[in-house]
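The values are calculated or read from the model by the stated rules, or taken from the named source; none is laboratory data. In this text, all values refer to a predicted model and were calculated from it rather than measured experimentally. Glycine also receives a Cβ, built like all others from the backbone with ideal geometry; neighbour counts cover every protein chain displayed.
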C-alpha cells in the first residue's frame, strides 16, 4: 500500500485528513499586500470553520537575470530583491487551480512569477468538545497575542 492509500483511509481521533494542493508563490515584498487581498477576495481559502487562511514567510530574497524576451530585456546583470513566500491550500480541483493562477497573474507584480503546486494532505479539526482546555488560546492570559490582530474585513465571500 502506498502512502497516498494510507493517508486517504486513515482514521484519526482528533482530525480528518483531506487531499489538497499547496500553492507557494515567491513574491517581491512590495507586492505581497495587494496579492494577499486579492487571493482572499477571489478564492475560498478555507480551513474548517475559517477562511482567508494562508501563510507568509518573510525575509527572503529572489535572485535572477532578465534575458531577452522579458519586459526588462537583456539587462546583463544579476538582480536581487527582497521577497516573501505566500503559501495557501485549495481543494484538489483543476478549475480552482486555474482560478488561483489567474488571480496570481492578474494581481501579482511579476510577469513570470515563481509558483509551486504540490499535492498534500491537510488536517481538519473534528472540533472536539474541549472548550475548557487550558491550552486553547481563549483560555490563556496571552489570548489576544495568540489570536492576532484584526485586518481590514473582507465584505463578501470569495467569487
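Listed values, structure above:
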read-out	value
Selection status of residue 156, more than 30 Å from residue 63 (Cβ to Cβ) and modelled with pLDDT under 90	yes
Enumerated strands (runs of 3 or more DSSP E) restricted to region 1-119, each holding at least 3 residues that are surrounded by 14 or more Cβ atoms within 10 Å (Cβ to Cβ), over 16 Å from the mean Cα position of the chain (by Cα) and touching a residue at least 40 places away in the same chain (Cβ under 8 Å)	15-28
Filter result for residue 108 (in contact with a strand residue (DSSP E or B) (Cβ under 8 Å, 6 or more places away or on another chain) and farther than 24 Å from residue 7 by Cβ)	yes
Sole exception among (1) under 16 Å from residue 46 (Cβ atoms); (2) in contact with a strand residue (DSSP E or B) (Cβ under 9 Å, 6 or more places away or on another chain) for residue 115, by number	(1)
Filter result for residue 132 (loosely packed, with under 13 Cβ neighbours inside 10 Å, in contact with a helix residue (DSSP H, G or I) (Cβ under 9 Å, 6 or more places away or on another chain) and either assigned to a loop (DSSP other than H, G, I, E, B) or touching a residue at least 60 places away in the same chain (Cβ under 8 Å) (or both))	yes
